[in-house]
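Engineer: First the structure, which I've put down as structure tokens, then a few questions once you've had a look.
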Amino acid sequence: MTIEQQINFHTISVLVDNEPGVLARVIGLFSGRGYNIESLTVAEVDIEKAISRITIVTSGTEMIIEQIKAQLGRLVPIHKVSDLTLDGPHVERELALVKVVGTGDKRVESLRIADIFRARVVDSTNESFVFEIVGDTGKLNAFIDLMRPLGLADISRTGVAAIARGTEGL
Amino acid sequence: MSTTKISGAEIILKALADQGVEVVFGYPGGAVLPIYDAIFNQNQIRHVLVRQEGGAVHAAEGYARSTGKVGVVLVTSGPGATNAVTGLTDALMDSIPIVCLTGQVPTHLIGNDAFQECDTTGITRPCTKHNYLVKDVKDLSKVMHEAFHVARSGRPGPVVIDLPKDVCMALENYTPKEEIELKKYQPRLKPDADRIEEAVKLIAGAKKPVFYCGGGVINSGPEASKLLTEFVRATGYPCTLTLMGLGAYPASDKQFLGMLGMHGTYEANMTMHGCDVMVCVGARFDDRITGRLDAFAPGAKKIHIDIDPSSINKNVKVDIPIVGDVAHVLKDMMKVWKDKKFKPDTKALDKWWAQIADWRAVDSLKFDQSGEIIKPQFVLQRLGELIKGKDSYITTEVGQHQMWAAQYLGFEEPNRWMTSGGLGTMGYGLPAAMGVQIAHPDSLVVDISGEASFLMNMQELSTIAQYRLPVKCLILNNFYMGMVRQWQELLHGSRYSESYMESLPDFVKLADTFGMTGLRTTKPGEVDDILKEMIEIDGPVIADVQIDPTENCFPMIPSGAAHNEMLLGPDDKAAKPVSEEGMVLV
Ligand SMILES: Cc1cc2nc3c(=O)[nH]c(=O)nc-3n(C[C@H](O)[C@H](O)[C@H](O)COP(=O)(O)OP(=O)(O)OC[C@H]3O[C@@H](n4cnc5c(N)ncnc54)[C@H](O)[C@@H]3O)c2cc1C
Ligand SMILES: Cc1ncc(C[n+]2csc(CCOP(=O)(O)OP(=O)(O)O)c2C)c(N)n1
Ligand SMILES: [Mg+2]
């Protein structure tokens, strides 16, 4: 495989006007043009100016990633598109709520692993825990895999939020 | 802001006038009746009543492409809006500035499956440059002005404003254009100076150069065509144009190679294939141009000038991308070329032109009009001769006739040629011709048509009759969906499945029912007479010119083939069978 055909993951941050339909525009762009969405998160970040930040994790060849950014940049309500993966070091975090059902040894083991991963118990019954875990996608995946044989019953994940390291804002 | 409150509908009319709009192409219905009331009560803006909303958008496209202004459309909710979708998509693909006002059910009914409700902003999101749903009359003035700004700036395109009926009836103050702050959408016009230097240096050092230019030159305005001509002439380099670019460089110029691409000339495509430096100006490396991508201009360094960053490196990776407006970029390039006293490498260039002369000598557009059946190429060549120097505009439908028109009619100026390139919409040409004629009432406007395409929007003959538009419809009647028949012959073993046009109307009688002049010929000897008559008649004409039904459009680069694998004529087709991969392409 040449470098041009190599598929890489990119985390892209987008500042948009928080107006009706803006998320549909972004998602429609991805589905209409056949781009991948690995994860997408959105929330308002500036209430006064009604600006939301969308974080998209996508994958593609170098040419496709360049297209994705150019196509996003073309949408009228989009103010800024930035490729955190290219722009330098950045922090990525995701939150998951993980429900594990079980008793006896399995229950104790799940608690022990949660401790190692710094996951918190946010709900418990005699037969279940809900863990809250924060970290990058890899850490969450590892935790969830370990919970599988211990009675994993339900998962809810937020998707990735990301921000550049250092003093610069978007 | 004025202090007297007026209705939303009146605000719309005021905003249109403020934006310099002279004419609106539309069709009424329940949801837009308040706007039609406002139209009734004024006489500044003219309304042209079409016969189907699709026709309104194409008419507005013709108006826009021939004037450089924004075309305006007004349709009702539900079916009015859905009928407009093809035209909007067409305008998006060909970068035509349109503002389309659609009626909508009142805000409190939205989402209720109300009568003639449809999710217009949802449906048109992927086929517009941008769209708006106005839920509060307070936003109306701003949205109107912003829509025009978005439609015409940067890479132009269609914008929809969805207008609930209650918003059109609510009262509010009008805010004029000057008082609206447009900070949202500000595409970059001025190019990067370093890139310009780098590009001009590469251009000057070329040994086998070519200018490949497209619709972006036309979008940039007539000044861009002048600058392009000046720059190309200063270099002495060959220049080819896309279907959308025809007229951006004078066709009669000796440096012009004709159109390139699937049905382009041999010399244009061979020059593209063999060049060492390609200067792409406002064109988008469409698949009709590149043919097989891995064999596209293999030895060329490529410069790409485009206002839309998403056009750059989309299909073809380029060496020097320049984001900016064609006119701005060419002005800067010309300045660098002059200031630094760059000169072309004349020795290399002479050799290049000698090579091109050999390709030209193949005479890939030759045809033989010796028999008793009319050849379409002959008709268009004669039309080209007869309208030379005349103030004329050409529109087309889609098919073989469109390609022959592109090949045989020479265009000396921009904005004279209106065709559906990107979407390839049959039925575009007739309503587009109406729009052109409305904008240029005293000019000659000809729709070059195929009999199948003509039937797609011929309800608009009624509009032509109502407004006494002297549009000339020249039907190259081959009794087939010729382009489909050609592909079936070349790619599908001559299985002419459903491509024969049964039960065609008698076009002469059809003309008669609409009070137009109908003409017909089947004889080569009568072609000149009928064309002259068509041109001279002071009123609309349908000319039914019955041509050779088996004629194919050559040259042709079959899908999936490279520039240097083109078919030059019928004898070539057996020698170069189309590949399996090519067959799945369109
Ligand atoms: C049956 C059929 C056959 C066809 N065969 C051929 C063929 O043989 N040859 C051919 O050429 N075409 C052919 N076409 C047309 C083809 O499909 C494309 O529509 C056409 O090639 C695109 O032209 P273009 O590259 O000039 O781009 P356009 O669609 O005109 O796009 C213009 C480009 O310029 C940019 N631009 C816009 N404004 C500016 C500005 N102010 N400054 C800078 N850049 C700007 C835009 O961003 C865009 O990238 C055919 C169509 C049909 C229906
Ligand atoms: C709306 C639409 N439907 C189908 C097509 C596919 N198509 C392309 S060319 C063509 C035939 C056109 O026939 P005609 O208008 O007679 O022109 P000719 O090719 O015979 O000159 C068809 C069906 C199209 N381009 N547009
Ligand atoms: Mg036909």
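Engineer: Treating the beta-carbon of each Lys and Arg as +1 and of each Asp and Glu as -1, no other charges, what is the dipole magnitude of the protein assembly as shown about its Cα centre, to the nearest 20 debye?
Structural biologist: 1600
Engineer: Here's another thing I want to ask about it. Any idea what the relative contact order of the stretch A:85-134 is, in percent, if you count C-alpha pairs under 8 Å spaced at least 6 apart?
Structural biologist: 46
Engineer: Now for a different question. From the square roots a ≥ b ≥ c of the eigenvalues of the alpha-carbon gyration tensor of chain B, which class results: rounded (a/c under 1.5), prolate (a/b over b/c), or oblate?
Structural biologist: Here chain B falls in the oblate category.
Engineer: Now, a different point. Calculate for the protein assembly as shown the 222 nm mean residue ellipticity that helices alone would give, adding -39,500 (n - 2.57) per DSSP H run of length 4 or more and normalising by residue count, nearest 500 deg cm²/dmol.
Structural biologist: Computed ellipticity for the protein assembly as shown at 222 nm equals -10500 deg cm²/dmol.
Engineer: Using the beta-carbon distance between B:A234 and B:D506 and R0 = 51 Å, what value does 1/(1 + (r/R0)^6) give for FRET efficiency, to the nearest 0.05?
Structural biologist: 0.40
Engineer: Still on this model: Of all the stretches in chain B, which is the longest one without any exposed loop site, taking GluC sites (Glu not before Pro) in a DSSP loop (any state but H, G, I, E, B) with at most 14 other Cβ atoms within 10 Å?
Structural biologist: With a cap of 14 other Cβ atoms within 10 Å, the longest stretch comes to B:182-371.
Engineer: On the full set of protein chains, 1.4 Å probe, figure out the accessible area of B:R284 and give it in Å² to the nearest 10.
Structural biologist: Roughly 70 Å² of B:R284 is accessible to a 1.4 Å probe.
Engineer: State, in square angstrom and to the nearest 100, the accessible area buried between chains B and A, both chains counted, probe radius 1.4 Å.
Structural biologist: 1400
Engineer: May I ask you to give the solvent-accessible area per residue for the protein assembly as shown, in square angstrom, as obtained with a 1.4 angstrom probe?
Structural biologist: 43
Engineer: Any chance you could check the Cα centroid distance between the stretch B:465-514 and the stretch B:385-439 for me, in angstrom?
Structural biologist: Centre-to-centre (Cα) distance: 17 Å.
Engineer: Just the number, please: carbon plus sulfur as a percent of the accessible area of the stretch A:77-144, 1.4 Å probe, no ligands or DNA/RNA counted.
Structural biologist: In the stretch A:77-144, the share of accessible area belonging to carbon and sulfur is 51 percent.
Engineer: Name the residues of the stretch B:308-351, by number, that are at least 30 Å² less accessible with every protein chain in place than in the isolated chain; the surface is that of heavy atoms, probe 1.4 Å, without ligands or nucleic acids.
Structural biologist: Residues meeting the cut-off: B:S310, B:N313, B:K314, B:K317.
Engineer: Turning to a different aspect of this structure: In the stretch A:50-69, what residues drop by 10 Å² or more in accessible surface going from the chain by itself to the full protein assembly, probe 1.4 Å?
Structural biologist: A:E62, A:M63, A:E66, A:Q67
Engineer: I would also like to ask the following. Which aspartates and glutamates have a Cα less than 16 Å from the Cα of A:K80, not counting those fewer than 8 places away in the same chain?
Structural biologist: A:D17, A:E19, A:E44, A:D46, A:E66, A:E168, B:D308
Engineer: Just name one of B:L519, B:G582, B:M534: the one whose Cα is farthest towards the positive end of the charge dipole of the stretch B:481-586 (beta-carbon charges, Lys/Arg +1, Asp/Glu -1).
Structural biologist: Ranked along the dipole, the leading option is B:G582.
Engineer: Report, in listed order, any pair from B:K69/B:K532; B:K254/B:K366; A:K69/B:K190; B:K314/B:K343; B:K142/B:K314 with a Cα-Cα distance greater than 24 Å.
Structural biologist: From the list (B:K69/B:K532; B:K254/B:K366; A:K69/B:K190; B:K314/B:K343; B:K142/B:K314), the Cα-Cα distance tops 24 Å for B:K69/B:K532; B:K314/B:K343; B:K142/B:K314.
Engineer: Next up: Which value, in debye to the nearest 20, describes the size of the charge dipole of chain B about its Cα centre when Lys and Arg Cβ atoms bear +1, Asp and Glu Cβ atoms bear -1, and nothing else is charged?
Structural biologist: So the magnitude is around 1760 debye.
Engineer: If you don't mind, another one. How about B:K208: which aspartates and glutamates have a C-alpha closer than 16 Å to its C-alpha, ignoring those fewer than 8 places off in the same chain?
Structural biologist: Of all the aspartates and glutamates, those that pass the test against B:K208 - Cα under 16 Å, at least 8 places apart if same chain - are B:E267, B:D276, B:D345, B:D350, B:D358.
Engineer: Could I ask something else about it? Can you give me the % of accessible surface on chain B that is carbon or sulfur? Probe 1.4 Å, all protein chains present, nothing else counted.
Structural biologist: The C+S portion of the solvent-accessible surface of chain B is 52 percent.
Engineer: Moving on to the next point. Taking chain A as a Gaussian network, Cα atoms linked when under 10 Å apart, which of A:V108, A:V160, A:V42 shows the biggest mean-square fluctuation?
Structural biologist: A:V108
Engineer: Report the one residue of A:Q6, A:G21, A:T158 whose Cα lies farthest in the direction of the positive end of the charge dipole of chain A (charges on C-beta: Lys and Arg +1, Asp and Glu -1; origin at the Cα centre).
Structural biologist: A:T158
The values are calculated or read from the model by the stated rules, or taken from the named source; none is laboratory data. The model shown is predicted, which means the values in this text are computed figures rather than measured ones. When we count neighbours, we look across all protein chains shown, and the Cβ atoms used for this are built from the backbone with ideal geometry, even at glycine. To get the accessible areas, we keep the full protein, side chains included, count just its heavy atoms, and leave off ligands, DNA and RNA. Shrake-Rupley method; radii C 1.70, N 1.55, O 1.52, S 1.80 Å.
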